[in-house]
Amino acid sequence: MPIPTPALVRPPSLDHRMTPLVRIVDLKKSFGSLEVLKGIDLEVRRGECVSIVGPSGSGKTTLLRCVNYLERPTSGSIWVDGQRIGQKEVGGRLSDLSDREMARERAEIGFVFQRVNLFPHLTAVENVTLAPRRVRKMVPAQARELGAEMLVKVGLGHKLEEYPHQLSGGQQQRVAIARALAMQPKLILFDEPTSALDPELVGEVLGVMRKLAEEGRTMMIVTHEIQF
């Protein structure tokens, strides 16, 4: 059956500084007969760091993927910085964005996956600069300068020319964080970024995330690191 078109709901008109960066209203997501998200309401303020915790299979990753529209919600509404994600109003009705329009929206939302998914044939700095060059149309020299800056930020300024297989798991995940930062996103989503790491490598990734929170980055984090 086709997914029903969500009702058109408008975000409230408030002062820009007072509106949440992320606003989720009655979000539902089903896979066939399995209802995973059952009416989620959530607001994330600018500069806020929100952790999403719960047992495996409770829908944490699905929620993040809906925010980035990697999964199309069954119903409900998601706004990021006042922009409705994944859809636009045409003639008083909602329609899905084109692939190009969706790519522009996703460029504003960083996503750090559980598996780092680095390109094995590219160096650390090349992995970080690929999206700024392809999506932001940044000239190579400018992109490299930005990439080096982001790698320094995550403590890998000495690993610019290393390939993923030459890096530890923690270092690879920090490259993935630098890659997300290089797009200068308004929001960063973290999907269990330490769960695939050996215990001794977890701390270095959590340290980078802590620094980002202290800088005032807006983050939504799915994690099992309750103490952190």
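The values are calculated or read from the model by the stated rules, or taken from the named source; none is laboratory data. Please read these numbers as outputs of a predicted model, since none were measured by experiment. We place every Cβ from the backbone using ideal geometry, glycine too, and count neighbours over all the protein chains shown. The accessibility values were calculated without ligands, DNA or RNA, using every heavy atom of the protein model including side chains. Shrake-Rupley method; radii C 1.70, N 1.55, O 1.52, S 1.80 Å.
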Reach of Lys159 by Cα under 22 Å, taken over lysines that are not fewer than 8 positions away in the same chain: Lys211
Extended-chain gain in nm, criterion 0.36 nm per residue less alpha-carbon gap, Ser30 and Leu42: 2.5 nm
Principal axes of the range 141-228: Cα extent on each, largest first, Å: 41, 30, 17
Net charge contributed by nearby residues that have their C-beta within less than 9 Å of Ser95 (K/R +1, D/E -1): 0
Candidates per GluC sites (Glu not before Pro) in the range 159-228, loop by DSSP, up to 10 other Cβ within 10 Å: Glu161, Glu215
Per residue, in Å², the accessible surface of the chain once ligands and nucleic acids are set aside, probe 1.4 Å: 53 Å²
Rounded to the nearest 10 Å², the accessible area of Arg46 at probe 1.4 Å: 90 Å²
Relative contact order (percent, whole number), the chain, Cα cutoff 8 Å, 6+ residue spacing: 23 percent
Rounded percent of accessible protein surface that carbon and sulfur make up, the chain, 1.4 Å probe: 51 percent
Largest-first ellipsoid semi-axes for the chain, taking √(5λ) over the Cα gyration tensor eigenvalues, angstrom: 31, 21, 17
Net charge, Val53 excluded, C-beta distance under 11 Å - Lys, Arg +1, Asp, Glu -1: -1
Gain in span if fully extended, His224 to Asp99, counting 0.36 nm per residue against the direct Cα distance: 41.7 nm
The range 182-199-the range 109-176 distance, computed between alpha-carbon centres (Å): 13 Å
